[in-house]
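The values are calculated or read from the model by the stated rules, or taken from the named source; none is laboratory data. Since the model is a prediction, treat every value here as computed from it, not as a measurement. Ideal geometry is used to build each Cβ from the backbone, glycine not excepted, and the neighbour counts take in all protein chains shown. When the accessible area is computed, the model is the full protein with side chains, heavy atoms only, and any ligands, DNA or RNA have been set aside. Shrake-Rupley method; radii C 1.70, N 1.55, O 1.52, S 1.80 Å.
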Amino acid sequence: MVRQVTKETKDTFTLRLEPSDGAKGGFRPGQFSMLWIFGVGEVPVSISGDPGESGHLVYTLRSVGQVTQAVVSRSPGEAIGVRGPFGTAWPLEEARGKDVAVVAGGIGLAPLRGAVYQILSRRQEYGRLLILYGARSPHDVLFRKELAAWSRYANTQVLISVDYGGVSWRGHVGVVTTLLRYVRLLPERTVAMICGPEVMMRFVARELETCGMPPENLYLSMERNMKCAVGFCGHCQWGPHFICKDGPVFPYSRIRPLLHRHEL
């Protein structure tokens with residue numbers, strides 16, 4: 001059941017859902033659910049809430065088609081079908097004791113939001129936290145207040161860049177990889193979590209490799225047309241992998257050859 005709908009940008013919304021039966025289901029940051037509207041259809045959406053808060057699930061999605069428009073148009077009190085959560089998660093256990101670089105483009109910040117929440121709630125278990133975020137314009141920046149709040153945590157750096165800033169923008173302009181020149185990376189002790197458009201992730205991973213980061217320390221969240229969410233239908237097959245079951249979060253070392261083959 002929908003409890004709250006928040007408009008983030010002109011076409012992006014965050015929904016807070018609570019189970020009608022009062023169940024307290026959990027999730028791991030990076031996982032996704034299938035949201036469905038009866039008579040309209042079903043769509044995969046990453047969970048963008050805080051894994052430390054039980055009793056509800058939060059989703060951030062862009063209204064780009066019939067199903068997503070129907071989902072974001074729901075009012076508080078109305079029902080939305082939910083299946084899941086499904087898929088793999090960000091490597092938060094493997095990242096303990098290390099620096100973490102979170103690199104996001106556009107709505108790709110939403111699947112990473114839960115990982116940031118968890119790191120900040122257990123701040124002493126991790127090293128430096130670097131959040132590098134790229135958006136199309138200042139109007140397209142998600143979670144503005146949270147980005148500002150995150151930047152105030154100890155040992156945490158938040159940098160934002162936009163493609164087109166306009167005369168009033170005083171921040172960085174350019175693709176998200178340009179932000180790497182403003183951070184001090186310790187490649188061997190850093191784990192990178194990357195989510196955004198596929199072309200952006202390809203260039204970010206390549207740039208981080210150039211900086212000396214081992215491929216096994218890079219993790220990417222991939223996206224394909226998911227239908228069943230359990231690896232049966234084949235809609236999301238990518239080479240030998242099923243994104244819904246084997247992903248969506250993959251070690252870069254596992255998918256590196258596929259990521260640079262554009263026909264896939």
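Per-residue ellipticity at 222 nm computed for the chain from its helices equals -5500 deg cm²/dmol, with DSSP H segments shorter than 4 residues left out and the rest contributing -39,500 (n - 2.57). Within the same chain, lysines fewer than 8 places from residue 145 are excluded, and of the rest, those with a Cα less than 20 Å from its Cα are 7, 10. Shown are 164, 182, whose ranking by accessible area with a 1.4 Å probe and every protein chain present, most to least, is 164, 182.
Modelled this way, with points 7 Å down the Cα-to-C-beta line, the labels at residue 169 and residue 235 are 3.4 nm from one another. Rolling a 1.4 Å probe over the protein chains gives residue 235 an accessible area of about 100 Å². Remark: accessible surface ordering of 199, 71 (largest first) is 199, 71, probe radius 1.4 Å. With all protein chains in place and ligands, DNA and RNA left out, the 1.4 Å accessible area ranks 8, 216 as 216, 8, largest first. Evaluated with a Cβ-only charge set (Lys, Arg +1; Asp, Glu -1), the stretch 43-180 carries a dipole of roughly 220 debye about its Cα centre, given to the nearest 20.
Among the chymotrypsin sites (Phe, Trp or Tyr not before Pro) in the stretch 220-264, those placed in a DSSP loop whose Cβ has at most 13 other Cβ atoms within 10 Å are 232. For the stretch 119-264, the alpha-carbon coordinates run over 47, 36, 30 Å along the three principal axes, in decreasing order. Accessible area of residue 227 (1.4 Å probe, protein heavy atoms only, ligands and nucleic acids ignored): about 100 Å².
A Förster radius of 25 Å, combined with the Cβ-Cβ distance separating residue 20 from residue 69, puts the computed FRET efficiency at roughly 0.65. Accessible area per residue for the chain is 47 Å², calculated with a 1.4 Å probe on protein heavy atoms, without ligands, DNA or RNA. Spatially, the stretch 98-161 and the stretch 16-80 are offset by 22 Å when compared through their Cα centroids.
No disulfide-compatible partner, judged by a Cβ distance under 4.7 Å, exists for the following cysteines of the chain: 195, 211, 236, 244.
Taking chymotrypsin sites (Phe, Trp or Tyr not before Pro) across the stretch 1-89, the ones in a DSSP loop with at most 12 further Cβ atoms lying within 10 angstrom of their Cβ are 38. Think of the stretch 134-193 as a dipole: +1 on every Lys or Arg Cβ, -1 on every Asp or Glu Cβ, centred on the Cα centre; then among 150, 190, 178, 150 lies furthest on the positive end. When +1 charges are put on Lys and Arg Cβ atoms and -1 charges on Asp and Glu Cβ atoms, the dipole computed for the chain relative to its Cα centre reaches about 400 debye.
Of the peptides 93-101, 188-196, the ranking by mean beta-carbon count within 10 Å, highest at the top, reads 188-196, 93-101.
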